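The structure under discussion appears below in the form of structure tokens.
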Amino acid sequence: MSKRKEVKQLVKQLERGGVSRREFVSRALTLGLSLSSVGVLLGACKDKRGTVGSGGETADGPMAELGPIEKKLHLYNWSDYIAEDTVANFEKEFGVEVTYDTYESNEEMVAKLQAGASGYDIVVPTGYITPVLVATSLIEPLSKKHITNGGNLSPLFRKLPFDPDDEYTVPWQWGTTGIAYRTDKIKIPVDSWNVFHDGKYANKLTMMDDGREVIGAELRRRGHSLNSTDPAELAQAKAGCIDAKQNLKAYISAPVKAQLISGDVWISQLWDGDTAQARKEQTHLAFVIPKEGCTIWSDSMCIPRNAPNKRAAHEWINYILRPEVGAALSEATGYGTPNAAAAGVMKEVVPYPTEDQLKRLEYQVDLGRDIATWDQIWTEIKSA
Ligand code: SPD
């Protein structure tokens, strides 16, 4: 039987209730579907039936009781994204032993969750990937009853399009993905994604190890949306990325900071906050939002469905929402805070973009079925 037919049959089984949601996900992934495509199929079934199969979902609602706080908490977050004493202070105050693991991309984190039995209590995905986590039941609704500090959040970061009812996420920090460069090495102002196509900087350039960001930047360079699913635009973007690749030293994300500091790399596609962190050690470092525009994003705390320490996870979220904890976090990482009360006690706040600046910034969105095309293009660029 062809793969297409097998997928169709599986979807029918799900619609009839003959297969649980969890089993559906596992069998669809075995058939080679990407996580996003599985999410889209689940969403479509949900639309038809109002609900989907009985995959052992928890009955946690917005006011669920969670019992006493556990003794352990396992956090999984982006690297370089927290203040030095955030975890230690929590451990001391709550008597909880925290394990803190890091990842370098949304895809790395999602793959771990999807592999099951991760044991994580908190993950921090970017907005665009959240609908996929919801549709595949990898995260679960929060118990609002235990998040009493939610009122500290700025209205700008509530009811965001990827979680319209604030059911699953509590914002962590936000930022932009632009260009970091060494002002002592580059004599002309860097203001465009074109710089990655300039052979005179060959081997001194890096872009992120992240297909959404690399292809997205090339799409913007060509005047398109960084969420484009237009086949012709994507084909051009692929060719453009392969052209820039010959000048790149590597595709590398957060760890590039050390090379920017040492001068092994002069120009990198990078996030604003990570650039600010590197600037503490290398003053000849600037960050620019290219004239063609770039990504603005926000990352949020979520609780995986199988999290073993749910009460501790809620206490963690509530703790992060305290003004002084949120302020210390953003002061250490250089990212914007979604916490208005925290902003009120900070010496220097990353200002949310003005209407005018927002015209050049674009949030990434879930690409639905087209993620498979993007994945394929990214694989081809990396192996070119
Ligand atoms: N070092 C922390 C970086 C966090 C970046 N998260 C958002 C990525 C959007 N592509």
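Data table
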{"item": "Overall form of the stretch 127-258 per C-alpha gyration tensor (a/c, 1.5; a/b vs b/c)", "result": "prolate"}
{"item": "Difference of contour (0.36 nm per residue) and Cα-Cα distance, GLU380 to HIS284", "result": "31.0 nm"}
{"item": "Cβ-defined net charge surrounding LYS159, 9 Å radius [Lys, Arg +1; Asp, Glu -1]", "result": "-2"}
{"item": "Coarse-grained scattering of the stretch 85-197 at q = 0.18, 0.21 Å⁻¹, given as base-10 log I(q)/I(0) from a Debye sum over alpha-carbon atoms", "result": "-1.10, -1.30"}
{"item": "Added length on full extension, which subtracts the Cα-Cα distance from 0.36 nm per residue, ALA88 to LYS245", "result": "52.4 nm"}
{"item": "Solvent exposure of the stretch 236-384 as accessible area per residue, Å², 1.4 Å probe", "result": "41"}
{"item": "Residue-level accessible surface for LYS71, protein heavy atoms, 1.4 Å, Å²", "result": "150"}
{"item": "Accessible area of ARG369 in the full protein assembly, 1.4 Å probe (Å², nearest 10)", "result": "150"}
{"item": "Where ILE188, ILE139 fall by accessible area, highest first, once all protein chains stay in place (1.4 Å)", "result": "ILE188, ILE139"}
{"item": "Area accessible to solvent at GLU218, 1.4 Å probe radius, in Å²", "result": "10"}
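The values are calculated or read from the model by the stated rules, or taken from the named source; none is laboratory data. Fair warning: this is a prediction, and the values are worked out from it, not measured in the lab. Heads up, the Cβs are rebuilt from the backbone with ideal geometry, glycines too, and the neighbour counts pull from every protein chain shown. For accessibility, only protein heavy atoms count, side chains too; no ligands or nucleic acids. Shrake-Rupley method; radii C 1.70, N 1.55, O 1.52, S 1.80 Å.
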